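Everything below concerns the one structure shown next.
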Amino acid sequence: MGYICVAGIDVKTGQHVRPIPRGTELRYRDLAAHQGFFEIGSIVDIGDATPKGQPPETEDFDFLRRESFTDGEMNPAEFWNVMKSTAKTSFIEIFGDDLKPVGHQHAAVQPGCGKASLGTLLITKLRPELTIETIERRDRIRMKIKTGRIPLNLSVTDIRLYWSDHITPDRVAVAATQERLATSDEILLGVGLTRAYVDWLSNKEPLHWLQVNGIHFIEDPIRRLPEGPDPSVVS
């Protein structure tokens, strides 16, 4: 419990980046809400990072925590413009033709294939819908979305929609976000592929599964995680 994944955009190149601390993994303590330095809208210098990605995870960069620091913050307009400058209008534009449907409502990329594992999706037509579904006796946040011919039902990992244990859906936050999905003038989704794993849909073959990582609205693009208790002591 407590492991997280962080993604950002290089403000100089416009490329997506997934920072991975050398020799370890990112944890909740690396979030600004828990005295770390990763936060939505923050500019973080990760030092002399080394590219280590392999398709489709071309955005992976190895870095040292001790060389990293917060180097300012973007205002909401700056943040939105950077996000939108990278946005595409379909999953295929972002991930390439190697993104394939799996089952009736899922999509994935095979290991070693695909051109990216992170991207920004601009919602232009049908509005997505957030739901909470009970899967294997656990409540999970899902997003129903359609950008092409196939309607999808994707997992949602946006940490702002969960309680401090990072597992239990915050139903109030989910309902408020769903209301904004229906009314916002413009919506951007941070989307990505998981690390490869076997799901019952994949017939025992590890795949990188399509998911939604973040939800952003033009009216309030920087909505941050409030400071909270240490998840390790939450019962």
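The values are calculated or read from the model by the stated rules, or taken from the named source; none is laboratory data. Quick caveat, the model's predicted, so the values are computed rather than measured. Here the Cβ positions follow ideal geometry from the backbone for every residue, glycine too, while neighbour counts run over all protein chains shown.
Listed values, structure above:
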{"quantity": "Tally of residues being exposed (fewer than 15 other Cβ atoms within 10 Å of the Cβ), touching a strand residue (DSSP E or B) at 6+ places or on another chain (Cβ under 7 Å) and closer than 14 Å to residue 43 by Cβ across region 11-30", "calculated": "1"}
{"quantity": "Set 44, 17, 109: member being touching a Phe, Trp or Tyr at 6+ places or on another chain (Cβ under 7 Å), under 22 Å from residue 220 (Cβ atoms) and modelled with pLDDT of 95 or more", "calculated": "44"}
{"quantity": "Unique residue being out of contact with any Cys (no Cβ under 9 Å at 6 or more places or on another chain), within 29 Å of residue 35 (Cα to Cα), touching a residue at least 12 places away in the same chain (Cβ under 8 Å) and surrounded by fewer than 16 Cβ atoms within 10 Å (Cβ to Cβ) when the list is 171, 127", "calculated": "171"}
{"quantity": "Verdict on residue 127 being at pLDDT below 95, more than 23 Å from residue 98 (Cβ to Cβ), among the basic types (Lys, Arg) and touching a helix residue (DSSP H, G or I) at 6+ places or on another chain (Cβ under 7 Å)", "calculated": "yes"}
{"quantity": "So residue 89, is it surrounded by fewer than 16 Cβ atoms within 10 Å (Cβ to Cβ), under 19 Å from residue 212 (Cα atoms), among the β-branched types (Val, Ile, Thr) and out of contact with any Lys or Arg (no Cβ under 7 Å at 6 or more places or on another chain)", "calculated": "yes"}
{"quantity": "Flag if residue 182 is touching a residue at least 40 places away in the same chain (Cβ under 8 Å), over 22 Å from residue 210 (Cβ atoms) and not in a strand (DSSP E or B)", "calculated": "yes"}
{"quantity": "Any pair with Cβ under 7 angstrom, 6 or more apart, that starts in region 55-81 at a residue that is farther than 19 Å from residue 33 by Cα and ends at one that is among the β-branched types (Val, Ile, Thr) and exposed (fewer than 14 other Cβ atoms within 10 Å of the Cβ)", "calculated": "61/50; 62/50"}
{"quantity": "Wholly within region 59-127, strands (runs of 3 or more DSSP E) carrying at least 3 residues that are within 17 Å of the chain's Cα centre (by Cα)", "calculated": "106-109, 118-122"}
